[in-house]
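The values are calculated or read from the model by the stated rules, or taken from the named source; none is laboratory data. All of these numbers come straight from a predicted model, not from anything done at the bench. Note that we place each Cβ from the backbone using ideal geometry, even for glycine, and neighbour counts take in every protein chain shown.
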């Protein structure tokens, strides 16, 4: 919906606003890398936030919970590798 | 778990240097807390928590590393771990976290089930046997001559801190023992030693009283004795004594009452009361502080009633109220009064403890509650717990009814049978129990009040995964650890490092003095053995596994056999089964993977190892090994053969001479099978993320056919079949669901047998495309527990028929889900839950319904813990809620207590 304020608020800025407010919001041109990166980051954050999910990974890997949290945090930087090169259209 | 002391050197507000020093090693902690009184509490990540006293501040000659010292790239400082030097362990707090598996059985034949839980991670793992009951520590045991039948403790003065005498009564004598450094016989206490004693105690400020069959003996402080003889040939049958009053019942049912006056004289009340039946037991409460007397005397009669008799001077010995009892009361014990002076406890001959409320003004009895304690008549004794009165009830098991942290607890004692008991207090044992058990006098002390279970712990080496119990009392379990060395590899690696040390020294130079030093260091390194439960195990790196199969007796902790697997072999599952082709023998199947990587999951090789069970699981003999393609995560005996999951494929195997023989296979499940259960012809298999699949085994053409599955994804961790239509499923996000087949579910469509040759729905099953059945099971009950579930067992905790669903979680909780018997019960609890939800009791501000419906909407499961919080509300709110439900608050409390004790404790 276009805001009453007029031409200033077009769809693009609204979408940016939404993306800032709700991290991971996609749009028609979202590519696979962006989509998967958001999913991986959400999962890593969820595992760190839920104590039992973290416990399960800590027990399975035989690492301390703090180490697992650290590893997950590092993985969140670029979980799917660097972004694909933008092909000039 | 290494703790370091960091000192920061500051120059005004700027830190100029950091100095680091090794302090001590504690278990890996989730959190630490230093108390101002000089204690350190370590909340362990997994396993027991510890409280340490900080004995030294680390000001020793341990090497200090400073930020000012330059360090090369890739170089680091080294320190040597050592046993505790600065900390002293003061206390240990038990924790079950994480519970990996749990089995429930009554292996010890104790009349109520024990829980066998596999807990812990790494070298601090353990097998714990949980029993419902208080832990007792035996402080002293001494033999007594003859057969004693009663024991009391007596103080000489009312303001004495500790008890002075232990009085033991025999069939025809009384023995008085003094309590001090040693227990010695006392002959000048004033008690008559030639007669059995019915009761003795301390009267007034400094006098003693002894009631025996022929009379009453009042011993004054200056050793003057006043005796009262029973009239004629009658003997005293029962009596009750408190600090100022003595009430006796003569044989034949006549009550005589004595009261102490201001001068310390014991005066008999002029009238005697004739009760209509024989007096079986009597009880007097304590004299309330500031008053002259206890106003009520409770008398239990042989006509199955208990009567309250007034002791008020205005209407002395007049009956006040009456309560009929379901069975005759027992006269073997001592006292019936309990904490708060408003409760009357009566032990009945049918093994029931009856509790009633006494109105302090009128003496009316109301709000009776009963509890079945055991098969023998219940005898009651007064003891002290935490400074207030408690009741010890002895039946086939001993129970303690006490108040702790303002809640009532009725807990059995984990101890052998007792015959008579009394409270005991001495310098060494402030609040104990002195008891008679089979001609021995025992002094016991109560530990860990307020806990529900007492734990017996047996250490294990690696993280335990699965446990199986055998009726003989033996158990077999598998322990598997990622990133761990096997014993052999560890020794090998050590020798390798020692060799390298020597070679290094040899390469550097050949000064003979140094070579000797290096040899000594290498020898010291080889012999050094830092205990792994304290310092942790050495870590070889990802992809390295260590695993053992252990046969042990869980009640004693004795290991009968350990089978150690090779480095990088990991045992995943075990199954005890009998095969139709050889029904006399029992076999243990172990599913083992080699070189497994966790993420992404891949397996280098997998085998099924078969062992023959020798005797009553005394030993396992290796039979043969069968190679399979993928990880055998789940196994289950099925109709004389065994169901084994191999990755995502489910197979039926039979026993062969050289290896297991593959008989049947289905590729119906999409990802990876985690659990499988069978009931008759039906098989339920759980996928790692696609919930459960119902299959039927059609023997005629040897096929496993999926006929129903679930409509929602569930990450199943554990499975329990409730009956042939329903399965309870626990998942890794912390939900319990009960899934049930729709009533019109058809296993097999007769028309559909053709070239497809498969049941309805398998039309979609071509090569796993869609993989979905047209019949869906319904989630009848869903509930979010909040913690990932590790096991679900349909079992019964109390002797009897009442089955409940027991679950354990990774965070160390043990809980039960109990089925409600009737619509009325369900309505009551549902409304109670609604009211309690609106009270917003959550400390964190969570909405209860929202929390319990975190992943799936909360359906048909009522939160019992929330309902029990009704007991903690203010009385005004309790009344409000109770009124809305047309009951009184005590009725609701009683209902909550009843439903809990019907299934558990």
Checked B:572, B:620 against criteria (in a strand (DSSP E or B), touching a residue at least 60 places away in the same chain (Cβ under 8 Å) and within 14 Å of chain A (Cβ to nearest Cβ)); the one match is B:572
Give all pairs with beta carbons closer than 7 Å in which a residue from the stretch B:835-863 that is under 21 Å from residue B:732 (Cα atoms) and assigned by TED's automatic domain parsing to the domain that holds residue B:824 meets a residue that is at pLDDT 95 or above and loosely packed, with under 13 Cβ neighbours inside 10 Å; count only pairs at least 6 apart in sequence or on separate chains.
none
Looking at residue B:888, is it surrounded by 14 or more Cβ atoms within 10 Å (Cβ to Cβ), free of Cβ contacts under 8 Å to residues at least 12 places away in the same chain and touching a strand residue (DSSP E or B) at 6+ places or on another chain (Cβ under 9 Å)?
yes
Are there strands (runs of 3 or more DSSP E) fully within the stretch B:82-121 with at least 1 residues that are within 14 Å of chain A (Cβ to nearest Cβ)? List them.
B:99-105, B:114-119
Test for residue B:113: is it more than 30 Å from residue B:536 (Cβ to Cβ) and buried (at least 21 other Cβ atoms within 10 Å of the Cβ):
yes
Please note which strands (runs of 3 or more DSSP E) are completely contained in the stretch B:689-741 and include at least 3 residues that are modelled with pLDDT of 95 or more and within 14 Å of chain A (Cβ to nearest Cβ).
B:716-721
Looking at residue B:127, is it touching a residue at least 12 places away in the same chain (Cβ under 8 Å) and assigned to a strand (DSSP E or B)?
yes
Residue B:607 fails exactly one of the following numbered conditions: (1) under 36 Å from the mean Cα position of the chain (by Cα); (2) part of a strand (DSSP E or B); (3) over 21 Å from residue B:474 (Cβ atoms). What is the number of that condition?
(1)
Qualifying residues in the stretch B:803-843 (those that are in a loop (DSSP other than H, G, I, E, B) and within 19 Å of the chain's Cα centre (by Cα)) - the one farthest from the other protein chains (Cβ to nearest Cβ)
B:803
Using beta carbons and a limit of 9 Å, which pairs, at least six apart or on different chains, have the first residue in the stretch B:540-552 and in the same structural domain as residue B:493 (by TED's automatic domain parsing) and surrounded by 18 or more Cβ atoms within 10 Å (Cβ to Cβ) and the second one in a loop (DSSP other than H, G, I, E, B) and at pLDDT 95 or above?
none
Looking at the stretch B:225-245, which of its residues are without any contact (Cβ under 8 Å) to a residue 40 or more places away in the chain and touching a strand residue (DSSP E or B) at 6+ places or on another chain (Cβ under 9 Å)?
B:225, B:227, B:229, B:230, B:231, B:234, B:235, B:236
The residue that is modelled with the highest pLDDT, considering only those in the stretch B:763-783 that are buried (at least 20 other Cβ atoms within 10 Å of the Cβ) and in contact with a helix residue (DSSP H, G or I) (Cβ under 8 Å, 6 or more places away or on another chain), is B:783
Matching entry among B:809, B:888 (being modelled with pLDDT of 95 or more, in contact with a helix residue (DSSP H, G or I) (Cβ under 8 Å, 6 or more places away or on another chain) and at negative phi)
B:809
Single unsatisfied condition, residue A:72 versus (1) within 15 Å of residue B:599 (Cα to Cα); (2) part of a loop (DSSP other than H, G, I, E, B)
(2)
Tell me which strands (runs of 3 or more DSSP E) are completely within the stretch B:21-67 and hold 2 or more residues being within 14 Å of chain A (Cβ to nearest Cβ) and more than 16 Å from residue B:84 (Cβ to Cβ), or say none if there are none.
B:29-34
Does at least one position in the stretch B:886-893 carry a residue that is within 30 Å of residue B:112 (Cα to Cα), within 24 Å of the chain's Cα centre (by Cα) and part of a helix (DSSP H, G or I)?
yes
